[in-house]
Amino acid sequence: MQMLFPLQTECQKKNPKELGELAEVQFPNLPTLNSYLKHWGTHPITQNRILYSWINEEGTPVCRRTYRELYFNSSCITHKLVTSQKPVLKPGDKVLLVYVPGLDFIDAFFGCLRAKVIPVPILPPDPMQRNGQALKQIENIAKSCSIVAILSTVAYHSAVRAGSFKNLISFIGKTEKSLARWPNLPWLHTDTWVKKSKSMVLDHLDEQCEPEPGDICFLQFTSGSTSDPKGVMITHGGIIHNVKLMRRRYKSTSRTMLVSWLPQYHDMGLIGGLFTSLVSGGSAVLFSPMTFIKKPLLWLEVISKYQATHSAGPNFAFELVIRRLESDKNKLHNLDLSSLTFLMVAAEPVRQKTLKRFIELTSPFGLSEKVMAPGYGLAENCVFACCAFGEGKPIIVDSQGRVCCGYVNHDDADIDIRIVHPETFEELHEDGKEGEIWISSPSAGIGYWGREELSRKTFRNELRNLPGRSYTRTGDLGRIIDQNLFITGRIKDLIIVAGRNIYSADVEKTVETSSDILRPGCCAVIGVPEEILSAKGISIPDGSDQVGLVVIAEVRDGKPVTKDVIEKIKTRVVEEHGVNVASIKLIKPRTICKTTSGKIKRFECVKQFSDETLSLIPIGPTPVLRKKSLLSPFTTGMLREEKTPGPLASRKRISKNEIVEFLKGLISEQTGISVNNISVTDNLTSYGIDSIGVVKATQKLSDFLATPISAIDVFTASCILELANFCEDLLSKSQPQLTSNSSNVPEAQTGSTELIAEVSKSCQFGIRVLQLLSLIYISIILVSPAYLSVTTYLNFILSASKWIEAFPWLHYFISLTFAPVAWILCMASTCICISLFGSSFLGPNYALTSEISIYSMDFVKWWTLYKAQEISSRVLAVHLRGTVFLKCWFEMLGARIGSSVLLDTVDITDPSLVSIGDQVIIAEGVLVQSHEVKNGILCFNPIRIGKCSSIGPYAVIQKGSVIEEGAEIQALQKVGQDQHVLKPAKLNNDIKVCYLQVRNAYKNILYILNIYF
């Protein structure tokens, strides 16, 4: 063993200061979380002290809770739960907590505790999403746990209803029977309860009963690479023991100031963050995980601003901060991290390289190595098991570079950690011997919900030398050296071949680096029994312990490969690990089984190998691309074209299409969504990928491009296509020599090389017939609202004339008054009709692909919608120019438009692909075109116009353009494809905003006057 920092600076030698308690405050020994909330919420010193502060992306507090407010809000929710009639909730009933990050979740959680209702925190899925891994998990949890109700907020439930209505009118949903759906359960809005209960008397709420320490507190669902998600039953006694243990280890007091961005539904963020602060009587500053991904350095800035004493994060978070510190170190000023007394690194393997670099970059800001606390924990033990902190020792690494994650003391009554042989269940007393980690602690859960047999095997184990003491099997491998714990891997990742311990992760890393055609992070090394291999005609050497090593790896482009690749893999594995590979299976991209967090499901890979259900790649030469011939139909307005591409030029760098396909694959791997159902106009987070998933996707994208990409760039990209454009531009800048080489290739050689079937004359004729039929459909869509409006108007006038026969002048007045109403009704109904019967199922939703052949049914559907929108805009919407009503028109058609936007043009094609920020001015005659037809292919690329920008008269904005915030486009200027327009050096935004407000008000008034006069 050795120290991570053998030579320490003066700052690193400094011991963290001890935190005492507030004046007249003593820490009480209470049995439950709720009892601590009641104690601090009624204590004269702490009741009006801020417990939780929620900040936004700018670091500004947007919501706060004092101890008294949280106690009152949770009591109100408790009262509503106990007295609820629809549904009737009994002690022990389970409810889902579906909340976006915020303080409403905390109110609801503590309300459930007091009502003895079991909360089940879960990841809130995108409410507008039709399917997804998060929603599937909710559906499965609701069924397996007999959930009674869903607790949420009015805003989120309204969004879910809007999403359900959107899916209801979509014809696609009728053919997809396997889609996950929200459980048919009552929704209870806790935020409404709190608002309506402000006048309740707190003394009345105090009569509600306290839970017992042995009662189930909540269900904590886990997910991993070796099994399905399981709900750990955490008791009130178990969780309070774990929180008190963390309080002692962290040296937390009522003076603690915690900063946390960790997910509230996750054990580390919920128990290690929220509950530890509350029980200690301290304070916490919280913000969303998505905010951290977008602005990683906000973490350090908030710590500095609030002089935080405690914080924690997983290893990937520190890596993300390191990358931003290295790129933005010249922009950082006045950071002060000297107030920190405890900074934990946990939740995933801790890397010594990460710790070392983080300390090097932050030590100038006053951070000491001695506040770093590498830790280890698991959901089966609430969250915390141990950490290497509090005994004055330096950070230690073993001979293999693994970081010490905790100190072991067998006499500790709070937690006893042992190393056990995973097969004989005998304790390994020898120092440094590797085995499975077993834990005995009052913090342990009492089992998995609904899985009695698995609960018995996991939570109720005994050692022969320690009878009567129950141990929890962690499934993790580790070793103890001089009472220091080192984590070495997962037990199910270990394969014993020829008496040797082979770790899957180590071999997988070797395989991935053996050939450039293999996809990083998409390889599984599994041990397959000899009988299965023999049945397939695969032999293994003698003395292999009846297990053969099988490699399953994805190929980047899915094209056939030569045998040289397989031989190269075998050679590398033998050279680096000294073991022979029994079989190598190369499979198509995005087909290997993974969990929602991106981990390989090796047990599923074994099953697929045994059942021969792998999507294999042929072993052989790459097929020769055949020539193509495309003819454009009369409706596209394109020139007749018959081109035969020349020989395929050697690819010098990754193309944009390859990047798009890779990004689709990333989303498919992490969410389980089919690649065909992934829209190129959505960003990665819209598919329910959490903060960890975004960072992992960033790492894989960086490996794929061989160029570092920041997670902030991935997160902030408005869609997949924009991210692909950014990556392509980054590659051209980082590899200029490849750009110049590519430019020298003749045009005939740089044409499309996709396999496109020749279009027969009968197919061309069929497409034209369908387009003629589409014209009829367009006519029905446009004429029906007009007919309805005119008929309604005439019937109303006819009915009114019977009542005013004696007053002819009144008849003329009513006709004149209601004629504009009929006109408004016509425009509104037309827009709604196009939205319901056009955009819902005619539009491709840009989800199947970013390119559509003009000889496909998808093109006919898109063309129908395009013509309907174009005709209606030029006939009806043109009268709304310059008014807020035109903004509403295009929003109904799918455009995303901010507030205070002035639109003076109707030439916006494909509104669903257009995003316009706040306070934008788009002048008369501007053309915003998000598509292009070229070489018989219809291509889409979204357009984003940043806030406070302006576009002059008759300018042209082509597909893929990005107008940055505050940019100006001059009159008649053309913004080319995929072009970025930056903000000018000087821009008087105040004048522009003033002009915008006056122009908007004037236009709206003028429009109303024009209708009547």
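Summary of values
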| read-out | value |
| --- | --- |
| About the Cα centre, charge dipole magnitude for segment 238-365 (Lys/Arg +1, Asp/Glu -1 at Cβ), debye | 200 debye |
| Accessible area of segment 369-431 belonging to carbon and sulfur atoms, whole % at 1.4 Å probe | 45 percent |
| Percent RCO, i.e. relative contact order, over segment 45-109, from Cα pairs under 8 Å lying at least 6 residues apart | 29 percent |
| Percent accessible area from carbon and sulfur atoms, segment 29-172, protein chains only, probe 1.4 Å | 55 percent |
| Using θ = phi - 60° and Karplus 6.51 cos²θ - 1.76 cosθ + 1.60, couplings along segment 458-467 (whole Hz; Gly, Pro as x) | 8, 9, 10, 10, 10, 9, 4, 7, 9, x |
| Ordering of 388-398, 961-971, 33-43 by burial proxy (mean other Cβ atoms within 10 Å per residue, highest first) | 33-43, 961-971, 388-398 |
| Whole-Hz couplings from phi, Karplus 6.51/-1.76/1.60, listed for segment 423-435; x for Gly and Pro | 10, 8, 6, 9, 5, 9, 7, 5, 5, x, 6, 8, x |
| Of Lys588/Lys867; Lys196/Lys244; Lys656/Lys947, pairs whose Cα-Cα distance is over 29 Å | Lys588/Lys867; Lys196/Lys244 |
| Gyration tensor verdict on segment 869-986 (Cα atoms; rounded if a/c is under 1.5, prolate if a/b is larger than b/c, oblate otherwise) | oblate |
| Antiparallel content of DSSP bridges confined to segment 246-374, in %, to 5 | 0 percent |
| Inverse of mean 1/r across different Cα pairs in segment 338-403, Kirkwood, Å | 12.7 Å |
| Sorted peptide list for 936-949, 891-904, 99-112, criterion being average Cβ within 10 angstrom, highest first | 99-112, 936-949, 891-904 |
| Residues with amide H under 5 Å from that of Lys594, placed H, sequence gap 5 or more | Lys601 |
| Heavy-atom accessible area per residue - segment 861-906, 1.4 Å, Å² | 35 Å² |
| Greater than 18 Å apart at Cα, pairs in Lys143/Lys607; Lys80/Lys116; Lys585/Lys607; Lys509/Lys601; Lys17/Lys251 | Lys143/Lys607 |
| Cα shape, segment 287-340, gyration tensor, a/c 1.5 rule | oblate |
| Relative packing of peptides 293-299, 464-470 - highest average C-beta neighbours within 10 Å first | 293-299, 464-470 |
| Cα gyration tensor shape of segment 260-413, rounded if a/c is under 1.5, else prolate or oblate by comparing a/b with b/c | oblate |
| Accessible-area composition of segment 503-586, carbon plus sulfur, in percent [1.4 Å probe] | 46 percent |
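The values are calculated or read from the model by the stated rules, or taken from the named source; none is laboratory data. What you see is a predicted model; the values in this text were computed from it and never measured. Cβ coordinates were reconstructed from backbone atoms using ideal geometry, including for glycine residues, and neighbour counts include every protein chain displayed. Accessible surface areas use protein heavy atoms only, side chains included; no ligands, DNA or RNA. Shrake-Rupley method; radii C 1.70, N 1.55, O 1.52, S 1.80 Å.
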